[in-house]
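Right, one structure below, let's go through it.
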Amino acid sequence: MTLEGLPKAAQAEHLTGALRRCGALSDGYVTAVVIESSRDTILSRIIRLRLSYDGALAYTPRSLILKTGLPERPEVHWNSGHRETAFYQQVGAVMSARVVPRCFEAAADVDAKMWHLLLEDLTDSHFTLGNWPLPPTLEQSKQIITARARFHAEWWDDPRLGASVGNWSTHDSQYFELLSQKVAWFADLIGERLSPERRDFYRRLIDAGPRLTRRYHSHRNVTVVHGDAHVWNVFLPRADGGDGVRFFDWDAWRLGTGTDDLAYMMALHWYPDHRRRDELKLLDHYHMTLSASGVAGYDRRALDDDYRLSVLWQTTIPVWQAAYDIPSWIWWHHLERIFMAVDDLGCEQLLCKQSDGG
């Protein structure tokens, strides 16, 4: 492959400047760049670059991952790319916990609707889970939950939340009106396959929405959440050299309760037998790791309450996914799994609860 037609971020001169600005290159220059692989996803293009140097030190990265928007459609999915660059600028750049890939440059051009990331290449030290939708083993799940808790703990009730890091959602009347419209559209889309009981469930969820979101609007015991926290957005360390879990694909990050990520990982994606077997163990492990990481004043009961509320709200995910033209072979299975989790955990009781905690 050649570099022809690729963004400036793949050129040797640009890479030299980017690596120097972030402190990864003190002397020398990038002299040559080779594309080792390139693949397109629904949202982006992922390119592995092999770099050669003149005078660089041993610790200088020999390869990088360039993630960028699809050049033939720069305006498509601009928002997701812009959000991911914001994550690495606002969050990844100031973290002490090594649970995201190192970012050497995060740039977005609002006028041109172009963006790119230069990320640490973890190909040789880490692996991703294959065989979707086969869930991870319990030990792998514990690794993921440990890293997730460490990440959440670092941002737990941080004063920067909503100030210099992220924005608080309003959940105002316009939001619930939009949700109501999407649910109505979703119901028309799948017709009789959405039972009268589930149609009524969504109506009651929207009616209870202002009360249920009081928990979020307390802005207490909140953190940065991934927003797309399935286990296939995780790099797991190889036995021969990886140094811990890394989370990637941060285009859906937001401020929220940590249990949103846990519910997305388990209740939305796992079938009941597997979830019932491991769910409680992993919630216990998450709480233990949070406490060990310095989070205080958040007891195990509060975690259970938040988890049930997060599971309840995950019922809207298939609706939004269908609205965003995600294939039905993804959202239909989510729809079935999440309602089974709602039933298992008694989440529907929350629609009738009148306490301020919601």
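The values are calculated or read from the model by the stated rules, or taken from the named source; none is laboratory data. Keep in mind that this is a model prediction, so the values were computed, not measured. Here the Cβ positions follow ideal geometry from the backbone for every residue, glycine too, while neighbour counts run over all protein chains shown. Ligands, DNA and RNA are stripped out before the accessible areas are found, and what is left, the full protein with its side chains, is counted by its heavy atoms. Shrake-Rupley method; radii C 1.70, N 1.55, O 1.52, S 1.80 Å.
In the set (1) outside any helix (DSSP H, G or I); (2) surrounded by 15 or more Cβ atoms within 10 Å (Cβ to Cβ); (3) within 30 Å of the chain's Cα centre (by Cα), His14 fails one condition alone, (1). Just to be sure, is Arg308 in contact with a Cys (Cβ under 8 Å, 6 or more places away or on another chain) and closer than 29 Å to His217 by Cα? Yes.
Would you tally the residues in the range 257-307 being open to solvent by 50 Å² or more (accessible area, probe 1.4 Å), hydroxyl-bearing (Ser, Thr, Tyr) and either free of Cβ contacts under 8 Å to residues at least 60 places away in the same chain or on the phi > 0 side of the Ramachandran plot (or both)? Lay out the reasoning, then the answer.
So the first thing to find is which residues in the range 257-307 are open to solvent by 50 Å² or more (accessible area, probe 1.4 Å), and the list is 271, 273, 276-277, 280-281, 284, 288, 291-294, 296-297, 299-301, 304-305.
Subset that is hydroxyl-bearing (Ser, Thr, Tyr): 271, 291, 293.
Next cut, either free of Cβ contacts under 8 Å to residues at least 60 places away in the same chain or on the phi > 0 side of the Ramachandran plot (or both) only: 291.
Matching residues across the range 257-307 total 1.
In the range 230-250, which residue that is among the acidic types (Asp, Glu) and over 11 Å from the mean Cα position of the chain (by Cα) is surrounded by the most Cβ atoms within 10 Å (Cβ to Cβ)? So, considering only residues that are among the acidic types (Asp, Glu) and over 11 Å from the mean Cα position of the chain (by Cα), the one surrounded by the most Cβ atoms within 10 Å (Cβ to Cβ) is Asp243. The requirement of being under 22 Å from Gly227 (Cβ atoms) and among the hydrophobic types (A, V, I, L, M, F, W, C) is satisfied by Ala341.
Within the set Ala163, Ala153, the sole residue that is among the aliphatic types (A, V, I, L, M) and surrounded by 14 or more Cβ atoms within 10 Å (Cβ to Cβ) turns out to be Ala153. Hey, does the range 131-138 have a residue that's of a type in the set (A, V, I, L, M), touching a residue at least 60 places away in the same chain (Cβ under 8 Å) and in a helix (DSSP H, G or I)? Yes, because at least one residue in the range 131-138 is of a type in the set (A, V, I, L, M), touching a residue at least 60 places away in the same chain (Cβ under 8 Å) and in a helix (DSSP H, G or I). Within the range 245-303, the residues that satisfy the criterion of being under 16 Å from Asn233 (Cβ atoms), assigned to a helix (DSSP H, G or I) and not charged (D, E, K, R) are Leu262, Ala263, Tyr264, Met265.
Looking at Arg308, Arg337 in this structure, which one is basic (Lys, Arg) and closer than 15 Å to Pro272 by Cβ? Even if it seems obvious, please write down each step before you answer.
Values: Arg308 fails: closer than 15 Å to Pro272 by Cβ.
From the options Arg308, Arg337, the qualifying one is Arg337.
Scanning the range 184-200 for residues that are assigned to a helix (DSSP H, G or I), in contact with a helix residue (DSSP H, G or I) (Cβ under 7 Å, 6 or more places away or on another chain) and open to solvent by less than 20 Å² (accessible area, probe 1.4 Å) returns Phe186, Ala187.
In summary, Ala229 fulfils each of the numbered conditions (1) of a type outside the set (Lys, Arg); (2) modelled with pLDDT under 95; (3) closer than 16 Å to Trp320 by Cβ with the single exception of condition (2). Restricting attention to the range 202-229, the residues that are among the basic types (Lys, Arg), surrounded by 14 or more Cβ atoms within 10 Å (Cβ to Cβ) and within 23 Å of the chain's Cα centre (by Cα) add up to 1.
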